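Right, one structure below, let's go through it.
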Amino acid sequence: IIKFKMNSMDTELDIDLQFCALVDVNLDDPGFDPLDDDLARKLPPRHDNVFPPSLNAVRVPHALMSAVPCRDQFAMVLKALRLWAQRRDLYGKSFGYFGGIVWAILAAFWCKELDAGDSPRVLREGFKLLNHQLDL
């Protein structure tokens with residue numbers, strides 16, 4: 001893992017860069033599918049036969065995007081949810097809180113399961129559900 005900060009205009013981004021080597025894989029091939037379980041055979045041998053986190057970092061977002069009914073709504077809900085968590089200092093895996101992918105999974109769940117219509121309603125109903133589940 002390579003960690004660094006990137007400054008773009010007035011925004012600072014924390015980047016955790018992970019990578020893995022794929023043998024005999026052409027990423028430009030239109031048939032390339034990061035969700036294909038046969039990719040495991042193209043990885044260098046591992047003793048545990050588990051996908052490395054760097055490959056799961058590609059697979060999980062693809063799976064999430066294929067699961068949500070509306071990508072624009074998902075993007076808006078996720079952006080608002082992350083902003084909410086960051087403003088309350090509840091964002092960051094390295095601090096013991098949910099990391100980015102966990103918030104993305106929660107946003108995808110809300111978008112898929114809460115048939116609330118537009119993004120603000122999904123957020124409102126999602127926070128009601130979260131409040132009820134946590135019994136706050």
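The values are calculated or read from the model by the stated rules, or taken from the named source; none is laboratory data. No experiment lies behind these values; they were computed from the predicted model shown. All Cβ positions, even for glycine, are placed from backbone atoms using ideal geometry, and neighbour counts span all protein chains on display. These accessible areas exclude ligands, DNA and RNA; they are computed on the full protein's heavy atoms, side chains included. Shrake-Rupley method; radii C 1.70, N 1.55, O 1.52, S 1.80 Å.
Structure notes:
- Here the Karplus relation 6.51 cos²θ - 1.76 cosθ + 1.60, evaluated at θ = phi - 60°, turns the backbone of the stretch 4-14 into coupling constants of 7, 10, 10, 9, 9, 6, 10, 10, 10, 10, 8 Hz, with x for every Gly and Pro.
- Computed E for Asn7/Ala80 - FRET, C-beta separation, R0 30 angstrom, nearest 0.05: 0.80
- Distant-in-sequence amide contacts of Tyr91, defined by a placed amide H-H separation under 5 Å and a gap of 5 or more residues or a different chain, comprise nothing.
- Electrostatic tally near Ala67: other residues with Cβ closer than 11 Å to its Cβ, Lys and Arg +1, Asp and Glu -1, net +1.
- Measuring only protein heavy atoms, the 1.4 Å probe finds Met76 accessible over about 110 Å².
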